[in-house]
Amino acid sequence: MGSSRTFDISLDDTTRTQLGEVLQRFFDHGGTLIDSSPMYGSAESVLGELLQGVSNKDVLFAATKVWTDGKESGIQQMGQSMERMHVDRFDLMQIHNLRDWKIHLKTLRDWKEQGKIRYIGITTSHNRAHDELIEALKAERFDFVQFSYNLGNRESEKRLLSLAKDKGIATLINRPFQRGELFQHVKGKSVPDWAGEFDCASWAQFFLKFVLSHPAVTCAIPATSKPRHMADNMAAGFGRLPDDAMRKRMIAHVESL
């Protein structure tokens, strides 16, 4: 699950209960990886506080990002992220939107060798940054790469997904719902009956199963602040996935609406 926007809030009794239930349903339905960033305002701190009251969280795969310029600033920021999320070690530390990536990469390699982090990643949320991201992936070794991919934005199919697969780099997919635009596109329309052929019961599952069925995709990180939406999202991780022919049918169907 992602935490951009959804966890960048001030906690009161209502939001504490609601987001605590979001986290609990995430873990109860087999979730592990939670992604955040200093860019997301209070999200790291809110996650850190709420995780203290959640059961089944021992499986947490904690991921965040470094988003600043300069070596010392990066070290300070990553230390602050550990304090905010109440973790002794991040499973994944990513360089956010390629910001000063060559400098941070040196630090991350040192931290990985020291056991402070398990994996190193690099990210973007913008198609315009694909050229620079591809250059980085070709020049250096990364464990993870994060970028946008969804039924309405398939730009990463051209080069990024195949490159990651060829180089054995795990992929995290952000914006699988195109920041909600996909739901607006199908508003008032029913999920087609044939979606049952890959155990799909909602539009959220339709969009997520499209992403997850790509052979180069490791994990999708949708964000939500609603418990029922979390349960719906998590259901996409179960049952059958569409094959290549079905994926083409899904694209054609959504484009026809």
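The values are calculated or read from the model by the stated rules, or taken from the named source; none is laboratory data. All values reported here derive from a predicted model rather than from experimental measurement. Every residue, glycine as well, gets a Cβ built from its backbone with ideal geometry; the counts of neighbours run over all protein chains shown.
Points worth noting:
- Filtered residue count, the range 106-121, keeping only those that are closer than 15 Å to A136 by Cα and either crowded, with 18+ Cβ neighbours inside 10 Å or small (G, A, S) (or both): 3
- R249 surrounded by fewer than 17 Cβ atoms within 10 Å (Cβ to Cβ), modelled with pLDDT of 95 or more and in contact with a Pro (Cβ under 9 Å, 6 or more places away or on another chain): yes
- Flag for V54 being β-branched (V, I, T), outside any loop (DSSP other than H, G, I, E, B) and more than 14 Å from the chain's Cα centre (by Cα): no
- For the range 155-163, the criterion of being in a loop (DSSP other than H, G, I, E, B) and of a type outside the set (A, V, I, L, M) is met by at least one residue.
- Count of residues meeting criterion [polar (S, T, N, Q) and in contact with a Leu (Cβ under 7 Å, 6 or more places away or on another chain)] in the range 122-140: 1
For (1) more than 19 Å from M39 (Cβ to Cβ); (2) modelled with pLDDT under 95; (3) outside any helix (DSSP H, G or I), each residue gets a yes or a no:
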| residue | (1), (2), (3) |
| --- | --- |
| S81 | no, no, no |
| R84 | no, no, no |
| D88 | yes, yes, yes |
| Q94 | no, no, yes |
| K106 | yes, no, no |
| W111 | yes, no, no |
| I122 | no, no, yes |
| R128 | no, no, no |
| E132 | no, no, no |
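- Residue list for the range 57-71, filter: assigned to a loop (DSSP other than H, G, I, E, B) and either more than 17 Å from the chain's Cα centre (by Cα) or in contact (Cβ under 8 Å) with a residue 60 or more places away in the chain (or both): T68, D69, G70
- Given (1) out of contact with any Lys or Arg (no Cβ under 9 Å at 6 or more places or on another chain); (2) surrounded by fewer than 18 Cβ atoms within 10 Å (Cβ to Cβ); (3) among the hydrophobic types (A, V, I, L, M, F, W, C), number of the condition V211 does not satisfy: (2)
- In the range 222-237, the residue that is farthest from the chain's Cα centre (by Cα) out of those that are part of a loop (DSSP other than H, G, I, E, B) and touching a residue at least 40 places away in the same chain (Cβ under 8 Å) is K226.
- Members of the range 165-208 that are surrounded by 15 or more Cβ atoms within 10 Å (Cβ to Cβ), in a loop (DSSP other than H, G, I, E, B) and aliphatic (A, V, I, L, M): I169, V186, V191
- Restricting attention to the range 208-217, the residues that are within 12 Å of the chain's Cα centre (by Cα) and touching a residue at least 60 places away in the same chain (Cβ under 8 Å) total 2.
- Selection from the range 183-200 of residues that are within 21 Å of D243 (Cα to Cα) and under 23 Å from the mean Cα position of the chain (by Cα): F198, D199, C200
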